[in-house]
Amino acid sequence: ILPILGIDNFDLPQTFAKVVYTLWFGRISRTFKRYLLLKYIGDKQQKFGLAELIDHIVDAVIMVIVALSIADILDVDNGMGFKSAFAFGSAGTLAFTLASQTVVSQIVNGFALSASHRFYVGDVVKFGDASIGGTVVQMGWFDTVLRGSDEVMMTVPNSTLAGQRVSNLSRHQRCQVTQNLRFHYADIEKLKDLLQDIKSEIKDACPALISDGTRPFRVVWADYKDNYLHVLVDCHFTLKPIGDEYWNNRQAVLTAIHCAVKKHGIEFALLKYGCCPDRSK
């Protein structure tokens, strides 16, 4: 069988040792390559995308060198072994071409994502209309792995992500908290003082509040509605829109609003639906 496959002068122990040493050399080369890349990156996160791209390219080069070296060790010639592999002629060529197009497209998209610096491993991202998003766990040649807030892992092909808009929440240094409040018409005379107190309470409770005019800080009577007065609260902060710090700050805003409303003895107006009784009577 071996001569038919084009493998001649096969010395099993010596050939096996050479193959093992070749594979070991490839593994050591990859390890040393990663060490050099880590030294190159240091603490500069902006270099991470380029390092990922270099990592993938060098991995591919190492694998090709290892494969060619093993083929040389096995003394594979271009005889019956290769001829039989392409015995299907043009049909086999066409099938190989069609299959390779998808593979090459995935690899190119993976390289493009790694080199784009749009996101790195560990970033929290949202794609497109936010139907795809989460924490980036792994960026591979063919797909990217995202972890949702429910800890469910999602594997998304790079070709799906390449053409989509991306919002990298980890890189945002500011966040927004908005609230739409409803008050009864009976409390309309108290509204002006209430709005001032809500602003004061938020300022005291949230040291990260942006109140220098570069971002909106609004607590305003926004509109008349059929059954209530609409008040809009719009605040911006020097915090990332993710993590415990964001949620603790959001809670502080809600607590500040509650304190101001309670201070004036006012109750929120509840939405009324056709199936519910009119509680104002």
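The values are calculated or read from the model by the stated rules, or taken from the named source; none is laboratory data. Worth saying up front: this structure is predicted, and the values here are computed from it rather than measured. Here the Cβ positions follow ideal geometry from the backbone for every residue, glycine too, while neighbour counts run over all protein chains shown. SASA here: full protein model, heavy atoms, side chains in, ligands and nucleic acids out. Shrake-Rupley method; radii C 1.70, N 1.55, O 1.52, S 1.80 Å.
If you check His172, His264, His236, which single one turns out to be modelled with pLDDT of 95 or more and of a type outside the set (Asp, Glu)?
His236
Taking only segment 181-211 into account, find how many residues are open to solvent by 50 Å² or more (accessible area, probe 1.4 Å), of a type outside the set (A, V, I, L, M) and touching a residue at least 40 places away in the same chain (Cβ under 8 Å).
8
Pairs only if they're at least six apart or on different chains, beta carbon under 7 angstrom, first in segment 120-149 and without any contact (Cβ under 8 Å) to a residue 12 or more places away in the chain, second surrounded by fewer than 19 Cβ atoms within 10 Å (Cβ to Cβ) and of a type outside the set (Asp, Glu); list them, first residue then second.
Val145/Val137; Val145/Gln138; Val145/Met153; Val145/Thr155
Is it the case, given these coordinates, that Thr178 is in contact (Cβ under 8 Å) with a residue 40 or more places away in the chain, under 30 Å from Phe119 (Cβ atoms), of a type in the set (Ser, Thr, Tyr) and surrounded by fewer than 14 Cβ atoms within 10 Å (Cβ to Cβ)?
yes
What's the number of the condition Ala130 fails, among (1) over 22 Å from Val58 (Cβ atoms); (2) out of contact with any Ser or Thr (no Cβ under 7 Å at 6 or more places or on another chain); (3) buried (at least 18 other Cβ atoms within 10 Å of the Cβ)?
(3)
How about segment 239-256: which of its residues are at pLDDT 95 or above and of a type in the set (A, V, I, L, M)?
The answer is Leu239, Ala252, Val253, Leu254, Ala256.
Take the residues in segment 219-266 that are free of Cβ contacts under 8 Å to residues at least 24 places away in the same chain and within 30 Å of Gly133 (Cα to Cα), then tell me which one is least open to solvent (accessible area, probe 1.4 Å).
Gly243
Determine whether segment 219-231 contains at least one residue that is part of a strand (DSSP E or B), over 27 Å from the mean Cα position of the chain (by Cα), closer than 15 Å to Ser200 by Cα and at pLDDT 95 or above.
Within segment 219-231, the subset part of a strand (DSSP E or B) is 219-224, 229-231.
Restricting the remaining residues to those that are over 27 Å from the mean Cα position of the chain (by Cα) gives 219-224, 229-231.
With closer than 15 Å to Ser200 by Cα added as a condition, the list becomes 219-220.
Of the ones still in play, those that are also at pLDDT 95 or above are 219-220.
Yes, there is a match, as at least one residue in segment 219-231 is part of a strand (DSSP E or B), over 27 Å from the mean Cα position of the chain (by Cα), closer than 15 Å to Ser200 by Cα and at pLDDT 95 or above.
Out of segment 126-160, which residues are small (Gly, Ala, Ser) and modelled with pLDDT under 85?
Passing the criteria: Gly128, Ala130, Ser131, Gly140, Ser159.
If a residue has to be over 22 Å from His172 (Cα atoms) and small (Gly, Ala, Ser) to count, how many in segment 232-263 make the cut?
Of the residues in segment 232-263, 2 are over 22 Å from His172 (Cα atoms) and small (Gly, Ala, Ser).
Has segment 116-125 got at least one residue that is exposed (fewer than 12 other Cβ atoms within 10 Å of the Cβ) and either at pLDDT below 80 or closer than 23 Å to Trp247 by Cβ (or both)?
Yes, segment 116-125 contains at least one residue that is exposed (fewer than 12 other Cβ atoms within 10 Å of the Cβ) and either at pLDDT below 80 or closer than 23 Å to Trp247 by Cβ (or both).
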